[in-house]
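Following: one structure in structure tokens, then a few remarks.
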Amino acid sequence: MSRVGNKPIKIPDGVKVVVEGRSISASGSLGRLELKIPLRLEVEMAEGTVLVRRNSETKRVRSLHGLYARLINNMVVGVSRGFEKRLTLVGVGFRAQMEGKELVLQIGFSHPVRFSPPEGVEITVETPQSIVVKGCDRQAVGEAAAKIRRFYPPEPYKGKGIRYRDEYVRKKAGKAVA
């Protein structure tokens, strides 16, 4: 029995959730998100909460039950509070800046690396070594942050690279001097 799928999802003030057939949409101050629901699941609205129910007890449907409950919860949280990922640039001369809506990274290459954020994702540079990726879609925010990190992932010898703010990079010893 899914404990996650059976939890009711509370809808905060300022968020409007609409269920139309096999799709559910949530709209709030930060935007609008929509999700298609599989055939074996049903979404019910009741007194400021959303409930996800399943029609079958097969293994696949049970796994989808908890997944879609959390996806709907992420939609509600996203349109009300939003999500953000923070990245840090570690390295001598590593810096980031914004040129219009485009992120420009100086990360030790012979050329600047440019990154245009996808639709619905906003990137800000707090300091030249600190980047904040924000948006209402949790998956899009995480994917954009991962793409930025992929330009220069942290390396294990000096720790240089782009890392998440709370990420710990375990360093290796390197070559032993004889």
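Tabulated results
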{"read-out": "Viscosity 0.890 mPa s, 25 °C: Kirkwood-radius Stokes-Einstein D of region 5-54 over Cα pairs, µm²/s", "value": "215 µm²/s"}
{"read-out": "Extension gain (nm, one decimal) between Glu20 and Glu84, 0.36 nm per residue minus Cα-Cα", "value": "20.1 nm"}
{"read-out": "Largest-first principal axis extents of the Cα set of region 71-145 (Å)", "value": "44, 20, 17"}
{"read-out": "Set of aspartates and glutamates with alpha-carbon distance to Lys16 below 19 Å, sequence-local pairs under 8 removed", "value": "Glu34, Glu42, Glu44, Glu47, Asp137"}
{"read-out": "Cα Rg, Dmax, the chain, angstrom units", "value": "20.8, 72"}
{"read-out": "Ranking by accessible area, most exposed first, for Met98, Met75 with a 1.4 Å probe", "value": "Met98, Met75"}
{"read-out": "Charged-residue dipole, Cβ positions (Lys, Arg, Asp, Glu), the chain about Cα centre, Debye nearest 20", "value": "940 debye"}
{"read-out": "Proximal aspartates and glutamates to Lys171, defined as alpha-carbon separation beneath 18 angstrom and excluding residues fewer than eight positions away on the same chain", "value": "Glu155"}
{"read-out": "Of Ser116, Ser25, Ser56, the one that fluctuates the most in a GNM where the chain has Cα springs shorter than 10 Å", "value": "Ser56"}
{"read-out": "Cα centroid of region 8-37 to Cα centroid of region 162-176, whole Å", "value": "40 Å"}
{"read-out": "Percentage relative contact order, the chain, counting C-alpha pairs under 8 Å, at least six apart", "value": "18 percent"}
{"read-out": "Positive-end extreme of charge dipole, the chain - chosen from Phe83, Pro156, Pro117 (charges on Cβ)", "value": "Pro156"}
{"read-out": "All lysines inside 20 Å of Lys172 as judged from Cα atoms, apart from same-chain residues fewer than 8 positions distant", "value": "Lys158, Lys160"}
{"read-out": "Estimated [θ] at 222 nm from DSSP helical runs (n ≥ 4, -39500 (n - 2.57)) normalised by residues in the chain, nearest 500", "value": "-7000 deg cm²/dmol"}
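The values are calculated or read from the model by the stated rules, or taken from the named source; none is laboratory data. Since this is a predicted model, take the numbers as computed values, not measurements. Counting neighbours? That spans all protein chains shown, and the Cβs are built from the backbone with ideal geometry, glycine included. Only protein heavy atoms, including side chains, enter the accessible area calculation; ligands, DNA and RNA are left aside. Shrake-Rupley method; radii C 1.70, N 1.55, O 1.52, S 1.80 Å.
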